[in-house]
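Structure record follows, encoded as structure tokens.
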Amino acid sequence: MRRLLLFLLLAAALTTGCTPRPGGRIIYGLTLAPTGIDPHINASAELGIPLTSVYDTLVYQDPKTGEFVPGLAQKWEISEDGRVYTFFLRRGVKFHDGTPFNAEAVRFNLDRITSPDLASQKARFMLGPYERTEVVDEYTVRIVLKEPFAPLLDSLSQVYLGMASPTAVQKWGQEYQMHQVGTGPFIFAEYVPGGHLLLRRNPDYAWAPSVYQQKTARLEEVEFRFFTDPATRSPALESGEADVMGEVPPQDAVRLKDDPRFRIEAVAIPGSSLMFFMNTTRPPLDDLAVRQAILYGTDQQAIISAVFRDTSPVACGPLAAVTFGYDPSVCQYYPYDPARARALLEERGWIDSDGDGIRDKNGQPLTLDLYLMSWGYLPTIGELLIAQWTELGIRVNAQTVRYPEALKIGREGQHHLMPFQSSGSDPDVLRQFFHSQGSMNWSKVNDPEMDGWLMEGMRTSDRQQRAAYYSQVQQRVMEQALVLPIRDYVNLNGVNQRVQGLRFDARGWFPWLINVTLAQ
């Protein structure tokens, strides 16, 4: 009898250990300590990891279908000309400080975001050709645009356009980032810059969107700590200092997969791929054949295996494969073929006339200036590229620069090649890179036809037609060898097995913490 009782107690304990329970707290590791975390002002993706749970948005995007579903807006209508969006708001919603959410609150937020005095780094630009917000009645609001802007719903579903309490913003002024107030499932409790950020459960939350699996949060607290040194991330997870850790180094992720205490949740990030822009206005890259030779002569898979341990896919074009509008046909361009690369260079007169291992033409060596940044393993990627291109007879001058300097170099066209990657769930992300007037047109492309496709893709609301425009853009980019794609970004999240229900939004970066529970 005693043995039976012990057996039953043990079985119950084992069963309970797998059962999620309400309450508790977790520690979530962030990889960057932003200088500012006001989502209306600042642009860091890192700020959205905690603040997505503090703010609700007018609409949400279903990560599985890509469709937009009601949030703080129960429904919406779009005018035939695509310039007017009318939102019918949810009633009974209150900010964490008790301020009612209504149409005036929406107008206050959008007026704040678009005010020149705020100097918004991202949110303002996500509104595109915004003109004004009109309050129709207490729970109906109208956003008026100067011209159609198809990515608007996508923008409104992101934390950067989350709804903040007008009362709190007016009360705290320039100190608002230290005292943020939204309507979300968690309350902003404490922030020590560079130290930690603490969220507490909102017990009054009763308006969860359909994409959330829970109606209210189960965790009582989530503490975010900063682990800016990649070498500290997996040790923090293994020692119990953190329960969830974003951007675990690939070599650590491979090792942690074999540890039963943890799992790796690899989340593909939509947007642009990591790509090296080739300056088409600076010789020798003003020659299409030379640009194509670089593409044929680069073994991307070898780079992915060496640097990322095959934890992310090789990129085929400028748009990540998980992004709406991605055209898989771009994978047919430029298979690794160093013999073809050498033949193209020789056809264009680049030969090694003096036997020094570097090709030359008219007395000039085939030399490329490669600029790198320190993030995203770019220095290591650069070393591998240099080794591969040296085998082709190309000399590479490489230099690592800070981001502000990279922006200046790209703007002035001092580079031959320079990398960048940008996340975003709408293919309009390509406009900044490949429109002739794009803010980061580092390829220095001037293609009126492609400009037209990008603008029509921005204006057209029909998803099928939009996908067709962006397909043309991707094919033109690769036909003209404007970029060297390297990889599609994947966020490797290390998670303690006791943390259950962790899911991410359509951007791939931002967790929906309302769903998280702890196993006993």
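A few points about this structure:
- Interchain or long-range residues, amide H under 5 Å from LYS94's placed H: PHE101
- Cα-only Debye scattering, the chain: base-10 log of I(q)/I(0) at q = 0.06, 0.12 Å⁻¹: -0.32, -1.15
- The stretch between ASN362 and GLU220, if pulled fully straight at 0.36 nm per residue, gains 44.0 nm over its current Cα-Cα span.
- In order along the range 95-112, the phi-based Karplus estimate (6.51 cos²θ - 1.76 cosθ + 1.60, θ = phi - 60°) of 3J(HN,Hα) comes to 5, 4, 8, x, 5, x, 8, 7, 4, 5, 5, 4, 4, 4, 5, 6, 5, 5 Hz; Gly and Pro are listed as x.
- Entries in LYS146/LYS171; LYS94/LYS215; LYS122/LYS215; LYS122/LYS146; LYS75/LYS146 that, when Cα-Cα distance is taken, lie over 26 Å: LYS146/LYS171; LYS122/LYS215
- FRET E, pair GLU147, SER439, Förster distance 22 Å, beta-carbon r, rounded to 0.05: 0.75
- 222 nm mean residue ellipticity, helices alone, for the chain (DSSP H n ≥ 4; -39,500 (n - 2.57); rounded to 500): -8000 deg cm²/dmol
- The chain: angle of helix 448-459 to the longest principal axis, Cα-based, in degrees nearest 10: 10 degrees
- Local net charge near VAL211, Cβ-Cβ under 12 Å (Lys/Arg +1, Asp/Glu -1): -2
- The simple spin-label model puts a point 7 Å past each Cα toward its Cβ; for ARG411 and ALA43 those points are separated by 1.1 nm.
- Principal axis dimensions, largest first and in whole angstrom, of the range 274-488 by Cα: 58, 37, 35
- Put simply, when 288-297, 216-225, 127-136, 347-356 are sorted by average Cβ atoms within 10 angstrom per residue, most first, you get 288-297, 216-225, 127-136, 347-356.
- Net charge in the neighbourhood of ASP360 (other residues with Cβ under 14 Å of its Cβ; Lys, Arg +1, Asp, Glu -1) is 0.
- Against the compact-protein benchmark of 2.2 N^0.38 Å, the Cα-based radius of gyration of the range 192-258 scales to 1.42.
- What the Cβ-Cβ distance of ARG255 and ALA398 gives, at R0 = 30 Å and to the nearest 0.05, is a FRET efficiency of 0.50.
- Segment ASP62..GLN520, full-extension length gain: 161.9 nm, with 0.36 nm per residue of separation and the alpha-carbon distance subtracted.
- Intensity falloff of the range 95-213 expressed as log10 I(q)/I(0), Debye formula with alpha-carbon point scatterers, at q = 0.12, 0.14 Å⁻¹: -0.49, -0.67
- Each 5 Å bin from zero up to the one holding the largest Cα-Cα distance in the range 248-389 carries the following percent of pairs: 2, 8, 14, 19, 18, 15, 10, 6, 4, 2, 1, 0, 0.
- Debye log10 I(q)/I(0) for the range 355-448, one point scatterer per Cα, at q = 0.12, 0.15, 0.19, 0.23 Å⁻¹: -0.47, -0.70, -0.99, -1.18
- Net +/- balance of residues flanking GLU412 in space, Cβ distance below 12 Å, scoring K and R +1, D and E -1: +3
- Here's how it looks for ILE351: its modeled amide H is under 5 Å from those of ASP360, which are all 5 or more places away or on a different chain.
- Contact order normalised by residue count of the chain, Cα under 8 Å, 6+ apart, percent: 21 percent
- Antiparallel bridges, percent of DSSP beta bridges restricted to the chain (to nearest 5): 80 percent
- Projecting the alpha carbon convex hull of the range 426-520 along each direction and taking the average yields 8.4 nm².
- Reachable lysines, given that their alpha-carbon falls under 30 Å from the alpha-carbon of LYS257 and they are not under 8 places away in the same chain: LYS64
- A cut-off of 5 Å between modelled amide H atoms, ignoring neighbours fewer than 5 places along the same chain, links ARG487 with LEU274, ALA315.
- A simple packing score, the average count of other Cβ atoms within 10 Å per residue, orders the peptides 375-381, 138-144, 162-168 as 162-168, 138-144, 375-381, with the highest score first.
- Using alpha-carbon coordinates, inclination of helix 338-347 to the longest axis of the chain, degrees: 50 degrees
- Degrees separating the helix 463-479 axis from the principal Cα axis of the chain, which is the longest one: 30 degrees
Laboratory data are not the source of any read-out in this text; all were calculated from the coordinates shown. Values in this document were obtained by computation on a predicted structure and should not be read as measured data. Counting neighbours? That spans all protein chains shown, and the Cβs are built from the backbone with ideal geometry, glycine included.
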